[in-house]
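Have a look at the structure below, then the notes.
The values are calculated or read from the model by the stated rules, or taken from the named source; none is laboratory data. No experiment lies behind these values; they were computed from the predicted model shown. Note that each Cβ is placed from the backbone with ideal geometry, even for glycine, and that neighbours are counted across all protein chains shown. These accessible areas exclude ligands, DNA and RNA; they are computed on the full protein's heavy atoms, side chains included. Shrake-Rupley method; radii C 1.70, N 1.55, O 1.52, S 1.80 Å.
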Amino acid sequence: MGLEEKAGDLGVITTSLEYAVNWSRSNAMWPMLFGLACCAIEMMSSQGANYDTSRFGMEIMRASPRQSDLMIVAGRVSRKMAPVVRRLYDQMSEPKWVLAMGDCASCGGVFNNYAVVQGVDEIVPVDVYVAGCPPRPEALIHGILTLQDKVFRTKLDGTIREREPIHV
Ligand code: SF4
């Protein structure tokens, strides 16, 4: 029996290039493997067996910015670390997205002082903010799913690209 008999009549499927590209981008995000403070522990937990972000096409955390398209800023960003975070962002290939995980990354949290960046949007554009100190893994996963939805709705021509941040 040949392949045609096994596959049956599949008919014809039509779609748009934008739909296909956004579907593939949003369902196969590769986060970058780095963490800055306590929020990173929750991020690590989200990769474990209990929460298993592999379910959403994100089992591969890349140790190289060139292979990553999602930066999860997990933890407070010190002024000393800020240029490093920006350099990592610059080394990621387009298109790329940023998720600010937790209060410290989003707005400095309780660290209202000169040594901590008062919101990582000072140095990189943020697509999704996840509140909490720390956010539980479920909250991070909710944030990532929200980002996936945002990527799915993004226009490819660049004119209507949604860059406004979302708070979850
Ligand atoms: S938000 Fe809370 S858990 Fe996260 S880095 Fe700041 S102090 Fe740590």
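Quick one: which residue in Ser64, Ser46 is within 16 Å of the ligand (Cβ to nearest atom), among the polar types (S, T, N, Q) and within 23 Å of Val151 (Cα to Cα)?
From the options Ser64, Ser46, the qualifying one is Ser46.
This table checks each residue for (1) more than 16 Å from the ligand (Cβ to nearest atom); (2) β-branched (Val, Ile, Thr); (3) farther than 22 Å from Arg25 by Cβ.
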| position | (1), (2), (3) |
| --- | --- |
| Arg76 | no, no, yes |
| Met81 | no, no, yes |
| Val84 | yes, yes, yes |
| Gln91 | yes, no, no |
| Gly102 | no, no, yes |
| Gly108 | no, no, yes |
| Ala115 | no, no, yes |
| Gln118 | no, no, yes |
| Ile123 | yes, yes, yes |
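Could you look through segment 24-36, keep only residues that are in a helix (DSSP H, G or I) and open to solvent by 50 Å² or more (accessible area, probe 1.4 Å), and pick out the one that is nearest to the ligand (Cβ to nearest atom)?
Arg25
What number of residues within segment 1-32 are at pLDDT below 90 and over 19 Å from Asp149 (Cα atoms)?
Number satisfying all stated conditions: 14.
Name every residue in segment 135-153 that is open to solvent by 70 Å² or more (accessible area, probe 1.4 Å) and in a loop (DSSP other than H, G, I, E, B), in order of residue number.
Arg136, Arg153
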